[in-house]
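Report on the structure given below.
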């Protein structure tokens, strides 16, 4: 475990992030197009790029023009694909930053060409109903695709982590759409983290890993699991003794049953620890797992440490690994009744990020 003088911090293992990417690249046989959107799922885009560059990715994926501009500001020269549809007023900024938009409908393709054009990827909707031209309508843009040839084409799976056959159905729809536009010789990509972790060799040119890179798997049936990447730590700032009947935190939802000891951590929901974990969450203190006591507050969390000897300055791990114990992103998110994506991207910049730069 790293040591930081901060009151609360994230330990981020860039070696683990890199190994997670390498594992998917080996498994799929495709070049990586890693998702760096939302500041690398909350863990820091600059650090994620540093970790992934040695894997020679084809490019990087983002969600907004601003995120793409930030990668260019970091010195990224590889393709940067923006996976959210762009507004007309964003097209010139995207072109100036040499970003690659994802376009679907005829009006979008024509607007990009009118703005000066450049590489673009064709978004085909095969069931997500979120972005891209519906697969049934792909034939309507065949002439436009021929006139303004895309660099690539892709679709997005809506349930790749499930065993319901939806991936195969979406791939059939995708292939039908490619046939309808004339099967151009372009880069093709469909697989996200879950699809790659649960499948074998890829049939496609590129692989779009996202949350797997950052330490979140695709369920116990997945063939490959990631290493933990992020560890949320906070220091104990006070320890107090309670008597039977004493209450803890807002609305007094926790009441002591006999003599107890309560430790206060210098972190709260303003740092990204979900308030929904009030009375549900836990932390690792000196190798023991202890429960959250009472309501999580904006800046502080209380733990029931009756069963463990600890004191001011000791470190509690709210997420990640400590002393051989693990609180995974999936476990913590599940207790909060939220998705792992929401948990990671909710980690606030108020807490310091401490990076292990050297892969191990």
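The values are calculated or read from the model by the stated rules, or taken from the named source; none is laboratory data. The structure displayed is predicted, hence computed values, not measured ones. Reconstructed Cβ throughout: ideal geometry from the backbone, glycine too, with neighbour counts over all protein chains shown.
Key figures for this structure:
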item	result
Tally of residues being surrounded by fewer than 20 Cβ atoms within 10 Å (Cβ to Cβ), in contact (Cβ under 8 Å) with a residue 24 or more places away in the chain and more than 18 Å from residue 80 (Cβ to Cβ) across the range 148-159	3
Meets criteria (buried (at least 17 other Cβ atoms within 10 Å of the Cβ), at pLDDT 95 or above and outside any strand (DSSP E or B)) for residue 53	no
Residues located in the range 107-158, provided they are in contact with a helix residue (DSSP H, G or I) (Cβ under 6 Å, 6 or more places away or on another chain) and within 19 Å of residue 176 (Cβ to Cβ)	124, 126, 127, 135, 138, 139, 141, 144, 155, 157
Out of 40, 113, sole residue that is on the phi > 0 side of the Ramachandran plot and either part of a loop (DSSP other than H, G, I, E, B) or modelled with pLDDT of 95 or more (or both)	40
Hits in the range 206-259 (condition: assigned to a strand (DSSP E or B) and free of Cβ contacts under 8 Å to residues at least 40 places away in the same chain)	240, 241, 242, 255
Residue count for the range 260-300, restricted to those that are part of a strand (DSSP E or B) and over 15 Å from residue 336 (Cα atoms)	11
Residues satisfying the stated conditions in the range 336-353, i.e. under 18 Å from the mean Cα position of the chain (by Cα), touching a residue at least 12 places away in the same chain (Cβ under 8 Å) and not in a loop (DSSP other than H, G, I, E, B)	340, 341, 343, 344, 345, 353
Flag if residue 72 is over 19 Å from the mean Cα position of the chain (by Cα), at pLDDT 95 or above, surrounded by fewer than 21 Cβ atoms within 10 Å (Cβ to Cβ) and more than 30 Å from residue 20 (Cα to Cα)	no
Condition check for residue 320: part of a strand (DSSP E or B) and at pLDDT 95 or above	yes
Yes/no for residue 111 being more than 28 Å from the chain's Cα centre (by Cα), over 22 Å from residue 38 (Cα atoms), assigned by TED's automatic domain parsing to the domain that holds residue 196 and surrounded by fewer than 22 Cβ atoms within 10 Å (Cβ to Cβ)	yes
Residue among 223, 195 that is closer than 30 Å to residue 22 by Cβ, buried (at least 22 other Cβ atoms within 10 Å of the Cβ), out of contact with any strand residue (DSSP E or B) (no Cβ under 6 Å at 6 or more places or on another chain) and modelled with pLDDT under 95	195
Flag for residue 138 being in the same structural domain as residue 109 (by TED's automatic domain parsing), in contact (Cβ under 8 Å) with a residue 40 or more places away in the chain, in contact with a strand residue (DSSP E or B) (Cβ under 7 Å, 6 or more places away or on another chain) and more than 30 Å from residue 324 (Cβ to Cβ)	yes
Where residue 89 falls short, out of the listed (1) buried (at least 22 other Cβ atoms within 10 Å of the Cβ); (2) under 24 Å from residue 132 (Cα atoms)	(1)
Selection within the range 260-271 - touching a strand residue (DSSP E or B) at 6+ places or on another chain (Cβ under 9 Å) and in contact (Cβ under 8 Å) with a residue 40 or more places away in the chain	260, 261, 262, 263, 265, 266, 267, 271
Single residue of the range 75-84 satisfying the filter (closer than 21 Å to residue 156 by Cα and touching a strand residue (DSSP E or B) at 6+ places or on another chain (Cβ under 7 Å)) that is surrounded by the fewest Cβ atoms within 10 Å (Cβ to Cβ)	79
